[in-house]
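Following: one structure in structure tokens, then a few remarks.
The values are calculated or read from the model by the stated rules, or taken from the named source; none is laboratory data. Keep in mind that this is a model prediction, so the values were computed, not measured. Every residue, glycine among them, receives a Cβ derived from its backbone with ideal geometry; neighbour counts consider all protein chains shown.
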Amino acid sequence: MTAAASKQPIEQTLLEQLESTRQQLDLLRDQIAESQRLATIGTIAAVIAHEFNNLLTPIVSYSQFALQSAQSDQPDMDLVRKALTKAFQSSTKAGRICQSMLSLARGQSSLGSVGVQELVDETLVVLARDPQKDGIALRVHIEPDLQVQGDVVQLEQVLLNLLINARQAMLGRGGSLTIKAVRTEEQTQARIQIIDTGPGIAEKNLPRIFEPFFTTKGTAQKGETKGTGLGLAVVRQIMEHHLGRIEVQSEVGRGTTFSLYLPLAKPAETDAPAQS
Ligand SMILES: Nc1ncnc2c1ncn2[C@@H]1O[C@H](COP(=O)(O)OP(=O)(O)O)[C@@H](O)[C@H]1O
Ligand SMILES: [Mg+2]
């Protein structure tokens with residue numbers, strides 16, 4: 001009886017300690033997610049600043065054309081129209097890039113039905129810099145009408161991190177970047193793959209790449225901040241949050257494939273009465 005009586009307070013203390021450790025872990029997870037969000041924004045901000053310059057150059061020169069012609073004695077309306085169209089297209093694109101950045105920065109979480117095609121399109125806009133310019137051939141194959149259940153902003157962050165990694169892996173050496181998305185055979189999940197032909201990941205590093213702060217990027221890359229080692233840690237966390245998973249296959253000298261598995265969107269979650 002004395003033994004049982006003395007055990008109980010210890011169990012109680014252990015339980016309390018466990019609970020407080022769990023709370024600390026949750027807090028740390030949130031903090032990592034937050035710092036990763038900032039790191040991602042830092043990385044893409046550098047790319048976007050570069051891309052904005054490219055977008056602004058034609059906006060300025062086409063607006064100048066239009067102005068000069070409009071102020072002349074015989075305005076060339078065709079030229080004015082063409083110049084304004086070009087300026088409008090470039091500024092619309094710049095606006096979309098800004099909007100994507102802002103929703104990413106807000107880090108809002110709301111689960112819903114997300115079209116994979118739109119998700120990929122939007123992420124490529126945020127990525128801003130055309131991969132072609134870095135000698136990277138981009139291919140996108142997405143099964144039509146593919147919808148997953150998720151938070152569009154967070155899923156964008158997942159894709160963005162994988163695309164930035166793939167681009168960094170191929171920077172200066174070129175290669176191809178393929179985005180593929182299909183329904184799995186069981187028809188319950190979507191599989192989205194990001195396939196690069198970069199240098200691959202050394203076998204000894206492979207088990208560590210999802211660890212927070214694990215990075216092999218010691219030196220600053222051209223125009224982009226050096227690695228934080230947080231990208232894949234948060235990618236995995238977001239995938240878990242979505243009841244999905246991420247797998248990696250890599251072969252040194254050949255390339256790397258990341259595969260994301262996500263639940264398909266529930267068909268029209270309307271208030272249709274439940275069948276009994
Ligand atoms: N597509 C890839 N090709 C080669 N190595 C990769 C790729 N993606 C990730 N890695 C490796 O995984 C490490 C961790 O990636 P990540 O968590 O995104 O951090 P960071 O990009 O800041 O280094 C990278 O430093 C790199 O060594
Ligand atoms: Mg990264």
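So here's what we get for this one:
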| quantity | calculated |
| --- | --- |
| Test: R96 is basic (K, R), over 15 Å from the mean Cα position of the chain (by Cα), surrounded by fewer than 21 Cβ atoms within 10 Å (Cβ to Cβ) and modelled with pLDDT under 80 | yes |
| Those residues of region 164-215 which are of a type in the set (D, E, K, R), in a helix (DSSP H, G or I) and touching a helix residue (DSSP H, G or I) at 6+ places or on another chain (Cβ under 9 Å), in sequence order | R167 |
| Within region 236-274, considering residues that are modelled with pLDDT of 85 or more and acidic (D, E), the one nearest to the chain's Cα centre (by Cα) | E247 |
| The lone exception for T2 - which of (1) loosely packed, with under 15 Cβ neighbours inside 10 Å; (2) modelled with pLDDT of 70 or more it fails | (2) |
| Odd one out for V126, checked against (1) farther than 16 Å from S259 by Cα; (2) hydrophobic (A, V, I, L, M, F, W, C); (3) without any contact (Cβ under 8 Å) to a residue 60 or more places away in the chain; (4) within 16 Å of ligand 2 (Cβ to nearest atom) | (3) |
| Contacts under 6 angstrom Cβ, first residue in region 186-203 being over 13 Å from L162 (Cα atoms), partner within 16 Å of ligand 1 (Cβ to nearest atom) and basic (K, R), 6 or more apart | G200/R254 |
| Condition met for A233 (touching a helix residue (DSSP H, G or I) at 6+ places or on another chain (Cβ under 7 Å), more than 16 Å from ligand 2 (Cβ to nearest atom) and more than 15 Å from A166 (Cα to Cα)) | no |
| Candidates T178, T184, T197, filtered to the one that is over 18 Å from the mean Cα position of the chain (by Cα) and buried (at least 16 other Cβ atoms within 10 Å of the Cβ) | T197 |
| Hits in region 129-163 (condition: within 25 Å of V252 (Cα to Cα), part of a helix (DSSP H, G or I) and either within 13 Å of ligand 2 (Cβ to nearest atom) or touching a residue at least 12 places away in the same chain (Cβ under 8 Å) (or both)) | P131, D134, V158, L159, L160, N161, L162, L163 |
| Residue in region 213-235 that is among the aromatic types (F, W, Y), within 22 Å of G42 (Cβ to Cβ) and at pLDDT below 85 present | yes |
| Filter pass, V152 being over 19 Å from L232 (Cβ atoms), modelled with pLDDT of 95 or more and either under 17 Å from the mean Cα position of the chain (by Cα) or aliphatic (A, V, I, L, M) (or both) | no |
